[in-house]
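Novice: Let me begin by handing over the structure; questions about it come next.
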Amino acid sequence: MSSAKKQFTLIGYPLSHSFSEKYFTEKFQKEMLSNHSYFLSPLENIEQFPDLMASHPDLVGVNVTIPYKEKVIPYLDEISEEAKAIGAVNTIKIKDGKLKGYNTDVYGFEQSLLKFLQKKSKKISVENALVLGTGGAAKAVCYILKKIGIEPILVSRNPNKGDVTYEDLDCLIFDECRLIVNTTPLGMLPHINTFPQLPYNRLNANFFLYDLVYNPEKTVFLIKGEEHKSSIKNGLEMLHLQAEKSWEIWNEE
Ligand code: NAP
């Protein structure tokens, strides 16, 4: 491995806590990559991005988080097919002065979902899924669900954004959707007592509840699923998988 300095950063705002910074800093220490470093770049607005690039010539990789996953796209030279289809970038590779955007959330969600659905010994066919929320994460989730042959039904607070609102979600639709994916921030620290409004009493052992939130480990949404014997999974594995995929992309020749 070359001894040239390699820098990595995370852009977003605000950046109070960062999984990526801790994850990569520990990785560089463990793998004795002393020429690698990871730092946080809290940008108050995306117009500051070119200055950040110009002032750090050793940057080779960038992670992107809320609120810039979409807004960063006009600053890139190229974007991957998946990132283009979703309209969101969470990883940028810088090579020969060119910036290419990728979406590794998609990879993280797909791998982790497939493992989750295969865990059940009983064969439960999942043809439809409820996707709660209509933000950037929901776009990545829907892209993968369609790719693996599951039809997503988007649940939104706003009748103009999703396929159905929480109030209009009738039992017929609910009972048909064996998989429910929470892509809203409900339940996430510090608001741990919040949860999506669903008819939880209709859940049973044939349901799969997947929460993209990973902090706390079990949200109220997942606890309610567990109480009704549904299979549950949080977003921690997805988070690790997306980070590893970013690392792989940064290291590709
Ligand atoms: P976002 O755009 O801020 O929010 C997602 C959607 O949630 C919104 O579009 C909104 O949809 C709904 N929502 C927001 N506040 C709500 C509330 N108070 N009540 C009900 N619905 C609400 O966020 P995002 O970027 O898509 O990320 C969503 C979550 O996924 C975050 O918690 C994030 O940390 C997590 N995430 C995890 C991973 C991972 O690797 N595990 C990766 C990416 C994201 P409507 O307006 O249509 O209701």
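Novice: Once the Cβ-Cβ distance between K98 and E244 is put in as r, and R0 is 22 Å, what FRET efficiency do you end up with, to the nearest 0.05?
Specialist: Once the sixth-power term is evaluated, E becomes 0.40.
Novice: Same structure again: Using a 1.4 Å probe, what is the accessible area per residue for the stretch 4-88, in Å²?
Specialist: Value for the stretch 4-88: 55 Å² per residue.
Novice: Lys and Arg at +1, Asp and Glu at -1: add these up for the other residues within a Cβ distance under 11 Å of E237 and post the number. It would help to have the intermediate numbers written out before the result.
Specialist: On the way: positive: K115, K233; negative: E244.
Once positives and negatives cancel, what remains is +1.
Novice: Now for a different question. For the chain, what does -39500 (n - 2.57) per DSSP helix run (n ≥ 4), summed and divided by total residues, give at 222 nm, in deg cm²/dmol to the nearest 500? Spell out each step's value before the answer.
Specialist: On the way: 8 runs with 82 residues, N = 253.
Mean residue ellipticity, 222 nm, calculated: -9500 deg cm²/dmol.
Novice: Given a 1.4 Å probe, how much area per residue of the stretch 132-247 is accessible, in Å²?
Specialist: 48
Novice: Under a 1.4 angstrom probe, counting protein chains only, how are R202, R157 ranked by accessible area, largest first? Show your work: numbers first, answer last.
Specialist: Numbers: R202 95, R157 200 Å².
So, going from the largest accessible area down, we get R157, R202.
Novice: Using R₀ = 35 Å, calculate the FRET efficiency as 1/(1 + (r/R₀)^6) where r is the Cβ-Cβ separation of I148 and K229; round to 0.05.
Specialist: 0.90
Novice: Output wanted: per-residue J couplings in Hz (rounded whole) for the stretch 176-188, from phi through Karplus 6.51 cos²θ - 1.76 cosθ + 1.60, θ = phi - 60°, x for Gly and Pro.
Specialist: 3J(HN,Hα) across the stretch 176-188, in whole Hz: 7, 9, 6, 10, 10, 10, 8, 10, 8, x, 4, x, 6.
Novice: Hey, another quick one. Extending each Cα 7 Å along its Cβ direction at D170 and L52, get the distance between those two points in nm, one decimal.
Specialist: 4.7
Novice: Pull up all non-local amide H partners of L59: gap of 5 or more, or a different chain, and H-to-H distance under 5 Å with H placed in the peptide plane.
Specialist: Q7
Novice: Using θ = phi - 60° and the Karplus form 6.51 cos²θ - 1.76 cosθ + 1.60, what ³J(HN,Hα) does each residue of the stretch 17-28 get, whole Hz, x for Gly and Pro?
Specialist: Karplus values, whole Hz, x for Gly and Pro: 10, 9, 4, 4, 4, 5, 4, 6, 4, 5, 5, 5.
Novice: Show T91, T183 ordered by accessible area, largest first, where the area counts protein heavy atoms only and the probe is 1.4 Å. Don't skip to the end; give the middle numbers.
Specialist: Working: T91 0, T183 25 Å².
Solvent-accessible surface, decreasing: T183, T91.
Novice: Keeping all protein chains in the complex and leaving out DNA, RNA and ligands, what accessible area do you get for Y102 with a 1.4 Å probe, in Å² to the nearest 10?
Specialist: Y102 exposes around 40 Å² with every protein chain in place.
Novice: Right, here's the next one. Which ³J(HN,Hα) values, rounded to whole Hz and listed in residue order, are derived for the stretch 48-58 from phi using the Karplus coefficients 6.51, -1.76 and 1.60 in 6.51 cos²θ - 1.76 cosθ + 1.60 with θ = phi - 60°, glycine and proline given as x?
Specialist: After applying 6.51 cos²θ - 1.76 cosθ + 1.60, I find 7, 4, x, 5, 4, 4, 5, 8, 10, x, 8 Hz.
Novice: Continuing with the same structure: Which entries in K22/K233; K27/K229; K84/K115; K6/K233 show an alpha-carbon gap greater than 29 Å?
Specialist: Numbers: K22/K233 23 Å; K27/K229 37 Å; K84/K115 26 Å; K6/K233 35 Å.
Over 29 Å Cα-Cα: K27/K229; K6/K233.
Novice: List residues of the stretch 1-25, by number, whose backbone nitrogen lies under 11 Å from a label position 7 Å along Cα→C-beta of N35.
Specialist: 1-7
Novice: Something else: Quick one: with all protein chains in place, what share of the accessible area of the stretch 106-237 is carbon or sulfur, to the nearest percent (1.4 Å probe)? If you can, show how the numbers build up before the last one.
Specialist: Details: 3430 of 6720 Å².
Within the stretch 106-237, the accessible surface is 51 percent carbon and sulfur.
Novice: Follow-up question, since we're still on this one. Would you mind telling me the antiparallel percentage of the DSSP bridges in the stretch 6-102, rounded to 5? Spell out each step's value before the answer.
Specialist: Details: 8 of 22 bridges.
Among the beta bridges of the stretch 6-102, antiparallel pairing accounts for roughly 35 percent.
Novice: Let me ask something additional. Once you put a point 7 Å from the Cα of N204 and another 7 Å from the Cα of E253, both along the Cβ direction, what distance in nm separates them?
Specialist: The modelled label-to-label distance comes out at 5.6 nm.
Novice: While we're looking at this one, here's another question. Mean-square fluctuation check for the chain, GNM, Cα pairs under 10 Å: which of A54, A138, A83 is largest?
Specialist: For the chain, modelled as a Gaussian network with Cα springs under 10 Å, the answer is A54.
The values are calculated or read from the model by the stated rules, or taken from the named source; none is laboratory data. Given the structure is predicted, the values throughout are model-derived calculations rather than measurements. Reconstructed Cβ throughout: ideal geometry from the backbone, glycine too, with neighbour counts over all protein chains shown. To get the accessible areas, we keep the full protein, side chains included, count just its heavy atoms, and leave off ligands, DNA and RNA. Shrake-Rupley method; radii C 1.70, N 1.55, O 1.52, S 1.80 Å.
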